[in-house]
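Report on one structure; see the data block that follows.
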């Protein structure tokens, strides 16, 4: 089912003709989280209320997903649901659009990258736009592709749906602000937990795809090359502010010999975050975004092959 769902997502992505007529499930999840936020995020005991809101969200999506995955539907709805909740094609399309926009003008690049990142983009130069797009691509490859696939493989569509609603909740209320510090605590912590293994799998996939592409690394040297790259990623990943995002970002940085993470602006304040792969190229451009898209498609391909081999082994 997962193998077929990945193929469907890669071919169809998120067709406008469909989602202009009916809301995307992720949009519905967002509306549900938003409604619970408006109802419960007030007064005292906000941490408890946040736990209640997250629990209700999980129960609702689990019930719906469980009904869709009943055997009476012969697995059809489960495969379609999984394809819809995977985001490889749409992610790559959005990231490539930043490269195309940046190729036209800095203003176009800023407009496109603002669609996929949470940081302030108005003052970004060309390198800043490219870096933001690449970091978003790497992080969302883990959050939007590998993690949903991982939880589907373990728990079917209900597992994938639970992951998606937690991830959606984290993106909406999991902030260290006065409004959400307590209410979004549960969403942020559970999202970190659910992404812990997938983030590291994502790094392994990215490293594997980058090492396998170098023909001179085939043979006895390929294991040593992978080990060396993994050691570097393992050392740099904890430098990232996120316990999980640093893994796919560090793997991408080393694969492309570029520096990622580092200082950026949120809510008018510039952070002092360190770079991962600090010795890598810091003056990034549209071509680096295109290379990232190609790298993540190859990483997706490695995952597809592994899932295919696993399927054949167990069947």
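Just so it is clear, none of the values below were taken in a lab; they were calculated from the coordinates. Here the structure is a predicted model, which means the values were calculated and not measured. Neighbour counts run over all protein chains shown; Cβ positions are idealised from the backbone, glycine included.
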> Could you state the number of Å between the C-alpha centres of region 70-135 and region 278-294?
Replying inline: 16
> Order of 24, 94 from fewest to most other C-beta atoms within 10 Å?
Replying inline: 24, 94
>> Taking R0 as 41 Å, what FRET efficiency do you get between residue 282 and residue 71 from their Cβ-Cβ distance, rounded to the nearest 0.05?
In response: 0.15
> Using a Gaussian network for the chain with springs between C-alpha atoms less than 10 Å apart, which of these wobbles most: 16, 143, 71?
Replying inline: 16
> Sorted by average packing, counted as other Cβ atoms within 10 angstrom per residue and highest first, what order do 6-13, 295-302 take?
Replying inline: 295-302, 6-13
>> Using a 7 Å offset from the Cα along the Cα-to-Cβ direction at both residue 313 and residue 106, what is the distance between the two label points in nm, to one decimal?
In response: 5.1
> Taking the mean number of other Cβ atoms within 10 Å as a proxy for protection, how do you rank 103-111, 243-251 from highest to lowest?
Replying inline: 243-251, 103-111
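At 222 nm, what value in deg cm²/dmol follows for the chain if DSSP H runs of at least 4 each add -39500 (n - 2.57) and the sum is divided by all its residues, to the nearest 500?
Result for the chain: -23000 deg cm²/dmol, rounded to the nearest 500.
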>> Please state the shape class of region 2-314: rounded when a/c is under 1.5, otherwise prolate if a/b exceeds b/c and oblate if not, all from the C-alpha gyration tensor.
In response: oblate
> Between residue 222 and residue 80, what FRET efficiency follows from the Cβ-Cβ distance if R0 is 51 Å, with the result rounded to 0.05?
Replying inline: 0.85
> Sorting 123, 135 on the 10 Å Cβ count, fewest up front, what's the list?
Replying inline: 123, 135
>> Quick check on region 161-233: take the gyration tensor over C-alpha atoms, sort the square-rooted eigenvalues as a ≥ b ≥ c, and tell me if it's rounded (a/c under 1.5), prolate or oblate.
In response: prolate
> So how much slack lies between residue 3 and residue 179, counting 0.36 nm per residue of separation and subtracting their Cα-Cα distance, in nm?
Replying inline: 59.3 nm
> Which of 20, 282, 164 comes first, and how do the rest follow, when ranked by fewest Cβ neighbours within 10 Å?
Replying inline: 20, 282, 164
> Extension gain residue 197-residue 235, at 0.36 nm per residue separation less the Cα-Cα distance, in nm?
Replying inline: 12.0 nm
> Which of rounded, prolate, oblate describes region 4-110, given a ≥ b ≥ c as roots of the alpha-carbon gyration tensor eigenvalues and a/c under 1.5 marking rounded, otherwise prolate only if a/b is larger than b/c?
Replying inline: oblate
> Can you give the relative contact order of the chain as a percent, counting alpha carbon pairs under 8 Å and 6+ residues apart?
Replying inline: 21
> Given the options 254, 163, 175, which has the most mean-square fluctuation in a GNM of the chain, springs set between C-alpha atoms less than 10 angstrom apart?
Replying inline: 175
> Using a Förster distance of 30 Å, how high is the FRET efficiency between residue 11 and residue 154, based on the Cβ-Cβ distance and rounded to 0.05?
Replying inline: 0.75
